[in-house]
Amino acid sequence: MTRPALLWWGVGAILAAIALGSSLTAAGPDAPIAIDTGWNAVMVSIRSEFLVGLADVFNHVGGGWIATYLIPLLIVAALLLVKRWQAAVFVAVTLLVSVGAVQLLKSLFGRARPVDMLVASDFGSFPSGHTANAATLAMLAVLLFPRLWVVLIAVFWTLAMALSRTALSVHWLTDTIGGMLVGAGVTLIVGSIMVVWAQGSPPLSETEAPR
């Protein structure tokens, strides 16, 4: 994918997230739509001790100090150990921008969370920060290591995180969709600027654009 393609796909994803958030809160921050309440009811109906326990693991791994500090530091350290310092910088910058974008949109839309959530969480339901972080890490992995097995693991990780958030009723389904859009969009936009450099290749203007 060429640099302009990465940029425009990223911008499109961010605009889609903003449009989704605007439509979801147009009637007020406390007015979930039918698909959200319906999905939440399904999640409540299939809850089990195993599902809630697994979702709680994702809750801790995908947020808090583990997702904010430990995982990024481990990824950056691993890349530095294999002498991929440019990739390490790309990862660090992208994760920071992603967190900033999520918090900005949370403040902008101020959407209320489901009332029956099983874990405590911060202000703002849209977009899902856990899902955005998962999508950011997934897209980073795909851009830096474009292999089919990486893509499959990335998709699984993102969808599993999204499912875990609705299983705990801490987010509406559309919050997780918004999180995916923000995480992927931010990574594509930053990637349009940094990914070729992060891969240790010459700028696109000096080489044939990757296909």
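The values are calculated or read from the model by the stated rules, or taken from the named source; none is laboratory data. Note that the coordinates shown come from a computational prediction; the quantities given were computed from them, not determined experimentally. A quick note on method: Cβ atoms are made from the backbone with ideal geometry, for glycine too, and the neighbour counts reach across all protein chains shown. Please note that ligands, DNA and RNA were not included when accessible areas were found on the heavy atoms of the full protein model with its side chains. Shrake-Rupley method; radii C 1.70, N 1.55, O 1.52, S 1.80 Å.
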Item checked: Cα centroid of segment 98-138 to Cα centroid of segment 32-53, whole Å -> 18
Check: Which of rounded, prolate, oblate describes segment 1-114, given a ≥ b ≥ c as roots of the alpha-carbon gyration tensor eigenvalues and a/c under 1.5 marking rounded, otherwise prolate only if a/b is larger than b/c?
Finding: oblate
Item checked: Residue among 16, 78, 92 with the largest mean-square fluctuation in a Gaussian network model of the chain, springs linking Cα atoms under 10 Å -> 78
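Stretch residue 96-residue 2 to full length: gain in nm at 0.36 nm per residue minus the Cα-Cα span?
Value of the extension gain: 31.5 nm.
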Next item on the list: Would you mind counting up the charge near residue 56? Only other residues with Cβ under 15 Å from its Cβ, with Lys and Arg at +1 and Asp and Glu at -1.
Entry: +1
Item checked: Accessible solvent surface per residue of the chain, calculated while the other protein chains remain in place, 1.4 angstrom probe, Å² -> 51
Next item on the list: With a point put 7 Å past each Cα toward its Cβ, work out how far residue 54 is from residue 31 in nm, to one decimal.
Entry: 3.7
Margin query: Nearest 10 degrees is fine. How inclined is helix 34-45 to the longest principal axis of the chain, computing both from alpha carbons?
Written below: 80
Notebook entry, point to check: Which value at 222 nm does the chain reach when only helices count, each DSSP H run of 4 or more adding -39,500 (n - 2.57), with the total divided by all residues and rounded to the nearest 500 deg cm²/dmol?
Noted result: -23500 deg cm²/dmol
Notebook entry, point to check: Which whole-Hz couplings ³J(HN,Hα) result when phi for each residue of segment 25-32 is put into the Karplus expression 6.51 cos²θ - 1.76 cosθ + 1.60, θ = phi - 60°, listed in order with x for Gly and Pro?
Noted result: 9, 4, 8, x, x, 10, 10, x
Note to self: Apply the Karplus curve 6.51 cos²θ - 1.76 cosθ + 1.60, θ = phi - 60°, to the phi angles in segment 94-110 and return the couplings in whole Hz, x for Gly and Pro.
What the structure shows: 5, 5, 5, 5, 4, 4, x, 5, 4, 5, 4, 5, 4, 5, 5, 9, x
Notebook entry, point to check: When the chain is treated as a GNM, springs tying every alpha-carbon pair under 10 Å, which of 165, 147, 84 comes out with the largest mean-square fluctuation?
Noted result: 147
Checklist line | Most mobile of 140, 73, 81 in a GNM of the chain (Cα contacts under 10 Å) | finding: 81
